[in-house]
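Following: one structure in structure tokens, then a few remarks.
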Amino acid sequence: MVAPYTASYASRIAKLRGHLKLEQGEAVLVTSLKDIRWLVGFSGSNAVIVIDRDGLLLVTDGRYAVQVGQECPGLDVKITSGNAFASAIDHVATEPVHTVHCQANHITWEQSQLTHSKLQKADLQPLDDPLPEFRASKTEQEIRLIEEALEITESVYEECLGIIEDGMTELDLAAELDYRQRIAGGQGQAFDTIVAFGENAALPHARPSARKLAKGDVILMDFGCVVDGYHSDMTRTVFFGAPTDTIRMSYMAVKEALEAAAERASSGLIGATLDAVARDLLSRHGLGSFFQHSLGHGVGLDIHEFPTLSSRGASPIPDFSIITLEPGVYIPGEYGIRIENMGLLSPDGCRILNRTPIDPIIL
């Protein structure tokens, strides 16, 4: 019996090959490590996949000689002593190739020059890359892993609400979030944890500092973890002491925007349309100009991946995408509010994966 994950990789390779429809003399270089992991299951830090009409070769180095056999049983593999990209180009140079397609967003200038110098008779072309959209549509296994990561994140959030105290620093709280996710089973941070108090929360990507917590502060926490390569991403804003009426009204407007977007969300919708739902609602509250980033993004092997939920998101959202919905309001020098949930989209709508409530919490 073939293991389910092995079978899913074979299916992904077949899907990609069917899309590429390569002719004799064409080759594709897959250089994105996350795309390589999704495609064949290899999680090493140095790898390139070469695909032509008749075969697929993974090139990596000797550090991963054992690991690649464990993760990619039966795959055609070349072990090199150094740079996997250079070795992959050397391999292509031995074949009668006239066109090489590359992932334009995942190749350096140095690599392009190396390709031109070693394949002087081959034309280097950007790939019409289907992998971002392929990866957006999650399998049951991928959904389970993301849900597992999110369950860890939410349990740690609930734990940490009980340890927040006057005088603790942003760095203190960020360290607790990161450490507790680790001991709960997270294999790493999904991204650099954001903890911001008071006026620092007005910076959408604030970095934790030695700023101490005081009564009247908002507390913004944006964090997540990784399970078997898959990410969680959640933001909660709570109050340390009763908020002012203005801050409370801002919080309720952000909450309303999140709920309106979740109600409207479904696969097949254009990303910009969904972004506009939240943005227009905040504008009706007089807060639209203080919402300074996109509504959300896809999540999976990357913390930010296709689809894009912004005014530039022109593509329909694929079935079974997992996305974030994270409207926010940021008043410079005063406070910031962001609330973020993860949702699984289908033609029937949006299933919110979070279980922790988004009603205002006063500590």
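The values are calculated or read from the model by the stated rules, or taken from the named source; none is laboratory data. Just so it is clear, the structure is predicted and the values come from calculations on it, not from any experiment. Glycine gets a Cβ as well: all are built from the backbone with ideal geometry, and neighbour counts include every protein chain shown.
Here are the numbers:
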item: Where a residue in the stretch 121-150 is surrounded by fewer than 20 Cβ atoms within 10 Å (Cβ to Cβ) and its partner, wherever it lies, is in a loop (DSSP other than H, G, I, E, B) and at pLDDT below 95, with Cβ under 8 Å and at least six apart; result: LYS121/HIS98; ASP123/HIS98; GLU133/SER315
item: Among (1) in a loop (DSSP other than H, G, I, E, B); (2) modelled with pLDDT of 95 or more, the one test that GLU133 misses; result: (1)
item: Conditions (1) under 23 Å from the mean Cα position of the chain (by Cα); (2) not in a helix (DSSP H, G or I): number failed by ARG12; result: (2)
item: Restricting the stretch 288-335 to residues that are touching a Lys or Arg at 6+ places or on another chain (Cβ under 6 Å) and in a strand (DSSP E or B), the residue that is farthest from THR139 (Cα to Cα); result: GLY328
item: Residue among ASP76, ASP61, ASP54 that alone is of a type outside the set (A, V, I, L, M) and surrounded by 13 or more Cβ atoms within 10 Å (Cβ to Cβ); result: ASP61
item: Matching entry among HIS304, HIS297 (being surrounded by 21 or more Cβ atoms within 10 Å (Cβ to Cβ), without any contact (Cβ under 8 Å) to a residue 60 or more places away in the chain and either assigned by TED's automatic domain parsing to the domain that holds ALA201 or out of contact with any Leu (no Cβ under 7 Å at 6 or more places or on another chain) (or both)); result: HIS297
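Matching residues to (1) under 25 Å from ALA7 (Cβ atoms); (2) over 22 Å from the mean Cα position of the chain (by Cα); (3) assigned by TED's automatic domain parsing to the domain that holds GLN187; (4) among the hydroxyl-bearing types (Ser, Thr, Tyr):
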site	(1), (2), (3), (4)
GLY25	no, yes, no, no
TRP38	yes, no, no, no
ASP54	yes, yes, no, no
ASP61	no, yes, no, no
HIS98	no, yes, no, no
SER117	no, yes, no, yes
LYS121	no, yes, no, no
